[in-house]
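Here is the structure we will look at.
The values are calculated or read from the model by the stated rules, or taken from the named source; none is laboratory data. Everything quoted here is computed from the prediction, not taken from an experiment. Neighbour counts are summed over all protein chains in view; Cβ atoms, including those assigned to glycine, are modelled from backbone coordinates with ideal geometry. For accessibility, only protein heavy atoms count, side chains too; no ligands or nucleic acids. Shrake-Rupley method; radii C 1.70, N 1.55, O 1.52, S 1.80 Å.
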Amino acid sequence: MEINLYADFLSDEEVEHLTGRKKLKKVIEKLNEQGIPFVINAHGKAIVRRDYPTQNKVKPQIITPITTPNENEWMPAVLTN
C-alpha cells in the first residue's frame, strides 16, 4: 500500500477505485467523463484534489458577436473609412 503524503489529494489507489481503471489512458477518459478536474504529474499519475466535488465549476463564457454601430453612434475616425 502506498503512503499518501499529501492529504489534499487522492492516493493512486483512491483514483483507481474512483474510476475503476488502472491504465492512465482509461483513468483520464473516466475522469473526463465524470467531470472530475485533474492534472497529470511528472510521474504520469492523475492527481485529483480530495475536495473535487466542492470545487467551483468553470462556467462557459458567453461570447456575443460584435455589432456594427448605428449611424447615430459616435465612432472614432480610425475605424471609419
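Only one of (1) surrounded by 13 or more Cβ atoms within 10 Å (Cβ to Cβ); (2) modelled with pLDDT under 80 fails for LEU31. Which number is that? (2) is the only condition that LEU31 fails.
Pull out all pairs, ordered by first then second residue, where Cβ-Cβ is under 6 Å, the residues are six or more apart or on different chains, the first lies in region 9-29 and is closer than 15 Å to HIS43 by Cβ, and the second is among the polar types (S, T, N, Q) and assigned to a helix (DSSP H, G or I). Listed by first residue and then by second, the contacts come to VAL27/THR19.
Scanning region 3-28 for residues that are in contact with a Ser or Thr (Cβ under 6 Å, 6 or more places away or on another chain) and either open to solvent by 100 Å² or more (accessible area, probe 1.4 Å) or within 14 Å of ARG49 (Cα to Cα) (or both) returns a single hit, ASN4.
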